[in-house]
Amino acid sequence: MSLLEVEGLRVRLPTTRGLVTVVDGVDYAVEHGEVFGVAGESGSGKTMSMLSLLGLLPDGAVVEGSVRFGEHDLLRMPRRRLREVAGRELAMVFQDPLTSLHPMLSIGRQLTEHVRLHLGLGRRDAERHALASLTDVRIPDPASALRAFPHQFSGGMRQRIAIAIALACRPKLLIADEPTTALDVTVQAGILRLLDRLRRENDLSVVLITHDLGVMSAIADRVSIFYAGKVVEAGSCEAVLSTPRHPYTRALLDALPHPEGLQDKPLVAIAGAPPSPGAIPSGCSFHPRCAYAQESCLHHVPPLVAMGDRLLACPIDPLVER
Amino acid sequence: MSALEVRDVVVDYEARGGGRVRAVAGACLTVEPGQIVGLVGESGCGKSSLARAAVGLVAPTAGSVFFEGAPVSPLTRRARPRELIRLQLVFQNPYSSLNPRRKVGSQLGDALDALDLVPRRGRSARVRELIELVGLPATAADGYPHEFSGGQRQRIAIARSLAANPSVIVLDEPLASLDASAQAQLANLLVDLSRDLDLGLLLISHDLAIVRHIADAVSVMYLGLMVETGPTLPLWQVPLHPYSEALIGSVPHPDGTGFLPEALPGEVPDPANPPSGCRFHPRCPYVFDRCRTDDPPLVPLQDGRTAACWLQPQGAPVALPGDRVKGVNLPR
């Protein structure tokens, strides 16, 4: 049985123009100990679909569908109970650790507070636990780090601390939202290796939200590509990134320079811009930007269906030369 | 004659408490007409300080900058010398460098008026020309900056710098915070502009894959110093400095092969307190005794390449990474 099963998730957010759909019927499952990658451009709904699991959406948001996490149904749980479950078994790491860490509290305080609350440890035990957590994410001199404050650390070390805090209660699922976007590549490689090691050693499942397909390729086992609130292609990371079959996935990859590719080949940008929520085109929402679009794409919303080794929401397969 | 030449530039800043921090510790760099030079390195290595010194925004503590053969004088309260208008700078965030309350066309017009470059009658035609030069529709002149996407705003900022008919533009992280598709568009635009207008570009970026794709030459900077320079592809294929090797090895590959990039151990040291000898030695996998005491100079090697590493003796054939003697390996 999968650790997390999301079915028909739909999220609508209140705006001045009424409710706007940002996640439009998404299904996926996350297995034990895997890294599940969620990719797409900004505004594609990848972050909102995750925040909805934790009950972190703005007031007035409407969430439909079902989210099963272990034996819990996260969407139909009283808020208090969700806080207990989500606090202990689900954790989240954000893009910028400087805004997610409290600037005025010591690292030790931030690492022990929720451990004492959720695991019921006393102060001494919680401190010992915090020390072990910092050691686990390879913070040099963890004992003095406990007494230090966030601004005293570099960006990479802060992200390691945020990961230590997230993992302190030994959650089953870590949601990492663009965890390396604000970091240098050398530091990014360290965080990717850390996540990869933690999931192997601790049987941790990771949902990795990123717009960077290189980061995805490094540690994800399976991926879902989001476009305008829907999944357009899903499958093993290897299959989707090495032989992309949805025109959007292909276009995303063609826009990227490969670190070992040819230099004189110009990068191919995707025409137009992603649609804003509330102004989603009819039919296939990618059709105005799609090089393969046909008449039928304007009227017919392609369902996400099994096609060989993956799920694909496009009846036109760009791999087949026409 | 190089379009832009940075010679042994040192930039110091006053630190809190009266000390001095050396952000750039004697860096050299040249940009030829029509050439794209990439400047790469981790945050805090002094890339942006060097860029600012190169256009005269900060006064170097030592060293000199030459633009088309004439020295670049640092900005003071007086007007910037007329000759320097052909040396332009584009900032990372176009949303803060463009005026949000004025139309794009009039902001471009301001640039023309301030420099008195075109007669009043030809102004709107030139504005239209600038907008088309960066691939935007002529109607963009009537829009406000917030009506454009991040990539389009960066094009507008570039159009404004093109108003001065520059021969060199220094771009500080122009591609950061853009989606892949917008990044690709802008990268292609920079290549076209450089080729069509014989424009020298100094491209500062932490996105190594983009730099590799569009730059003709690359300079790798570490803690205020150049550690390696050379033509892009040879440098990428066989990096001669261990730091370049580590930087290139840490770039992920978006191809589904599951390649897990190598992490460089340790952190960038505090520039106020740089390590003795070679500044990279505490993180270097090939470190040996001499590296801890003597600072290696940047020496010329084959094929227009230079490197500052004791493993690359001047004049001798370049040593491939595999041929190097491994020193004490640091724990990862």
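The table below gives the values:
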quantity: Some residue of the stretch B:266-276 being part of a loop (DSSP other than H, G, I, E, B) and facing another protein chain (nearest Cβ under 8 Å); calculated: yes
quantity: Unmet criterion (only one of (1) modelled with pLDDT under 90; (2) assigned to a helix (DSSP H, G or I); (3) charged (D, E, K, R)) for A:ARG138; calculated: (2)
quantity: When residues of the stretch B:166-223 are limited to those that are hydroxyl-bearing (Ser, Thr, Tyr) and more than 10 Å from chain A (Cβ to nearest Cβ), the one nearest to B:GLY46 (Cα to Cα); calculated: B:TYR222
quantity: Any hit, the stretch B:40-50, residues being more than 27 Å from A:SER154 (Cβ to Cβ) and either polar (S, T, N, Q) or more than 14 Å from chain A (Cβ to nearest Cβ) (or both); calculated: no
quantity: Filter result for A:PRO303 (more than 7 Å from chain B (Cβ to nearest Cβ), assigned to a loop (DSSP other than H, G, I, E, B) and in contact (Cβ under 8 Å) with a residue 12 or more places away in the chain); calculated: no
quantity: Among residues of the stretch B:176-224, those that are of a type in the set (A, V, I, L, M, F, W, C) and under 13 Å from the mean Cα position of the chain (by Cα), counted; calculated: 14
quantity: Some residue of the stretch B:15-29 being within 12 Å of the chain's Cα centre (by Cα) and under 23 Å from B:LEU87 (Cβ atoms); calculated: yes
quantity: Given (1) at pLDDT 95 or above; (2) under 13 Å from the mean Cα position of the chain (by Cα), number of the condition B:VAL227 does not satisfy; calculated: (2)
quantity: In the stretch B:9-51, the residues that are of a type in the set (Lys, Arg) and either touching a residue at least 12 places away in the same chain (Cβ under 8 Å) or assigned by TED's automatic domain parsing to the domain that holds B:ALA272 (or both); calculated: B:ARG20, B:ARG22, B:LYS47
quantity: Scope the stretch A:14-55; condition away from chain B (no Cβ under 14 Å) and either hydroxyl-bearing (Ser, Thr, Tyr) or without any contact (Cβ under 8 Å) to a residue 12 or more places away in the chain (or both); matching residues; calculated: A:THR15, A:THR16, A:GLY18, A:THR21, A:TYR28, A:THR47, A:SER49, A:LEU51, A:SER52
quantity: Test: residue in the stretch A:178-199 that is in contact (Cβ under 8 Å) with a residue 40 or more places away in the chain, surrounded by fewer than 23 Cβ atoms within 10 Å (Cβ to Cβ), under 18 Å from A:LEU111 (Cβ atoms) and facing chain B (nearest Cβ under 9 Å); calculated: yes
quantity: Single condition B:ILE158 does not satisfy, out of (1) in contact (Cβ under 8 Å) with a residue 60 or more places away in the chain; (2) in contact with a helix residue (DSSP H, G or I) (Cβ under 6 Å, 6 or more places away or on another chain); (3) not basic (Lys, Arg); calculated: (2)
quantity: Residue ID - farthest from the other protein chains (Cβ to nearest Cβ), chosen from residues in the stretch A:245-258 that are in contact (Cβ under 8 Å) with a residue 12 or more places away in the chain and assigned to a loop (DSSP other than H, G, I, E, B); calculated: A:HIS246
quantity: Lone qualifier among A:GLY229, A:GLY235, A:GLY278 - being within 29 Å of A:GLY190 (Cα to Cα) and either within 14 Å of chain B (Cβ to nearest Cβ) or out of contact with any Cys (no Cβ under 8 Å at 6 or more places or on another chain) (or both); calculated: A:GLY235
quantity: Residue check, B:ARG102 surrounded by fewer than 14 Cβ atoms within 10 Å (Cβ to Cβ), farther than 28 Å from B:GLU5 by Cβ, of a type outside the set (Asp, Glu) and at pLDDT 90 or above; calculated: yes
quantity: Criterion violated by A:VAL207 - all others in (1) of a type in the set (Val, Ile, Thr); (2) part of a loop (DSSP other than H, G, I, E, B); (3) over 30 Å from B:TYR222 (Cβ atoms) satisfied; calculated: (2)
quantity: Some residue of the stretch A:152-163 being of a type in the set (Phe, Trp, Tyr), surrounded by fewer than 20 Cβ atoms within 10 Å (Cβ to Cβ) and either out of contact with any Ser or Thr (no Cβ under 9 Å at 6 or more places or on another chain) or more than 12 Å from every other protein chain (Cβ to nearest Cβ) (or both); calculated: no
quantity: The listed residue being within 30 Å of A:PHE69 (Cα to Cα), buried (at least 23 other Cβ atoms within 10 Å of the Cβ) and not β-branched (Val, Ile, Thr), out of A:HIS246, A:HIS211; calculated: A:HIS246
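Residue by residue, here is whether (1) basic (Lys, Arg); (2) surrounded by fewer than 24 Cβ atoms within 10 Å (Cβ to Cβ) holds:
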position: B:ARG195; (1), (2): yes, yes
position: B:ASP198; (1), (2): no, yes
position: B:LEU203; (1), (2): no, no
position: B:ASP216; (1), (2): no, yes
position: B:VAL220; (1), (2): no, no
position: B:VAL227; (1), (2): no, no
position: B:PRO231; (1), (2): no, yes
position: B:PRO234; (1), (2): no, yes
position: B:GLN237; (1), (2): no, yes
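The values are calculated or read from the model by the stated rules, or taken from the named source; none is laboratory data. Here the structure is a predicted model, which is why all the values come from computation and not from measurement. Methodologically, a virtual Cβ is constructed for each residue, glycine included, from the backbone with ideal geometry; neighbour enumeration extends over all protein chains shown.
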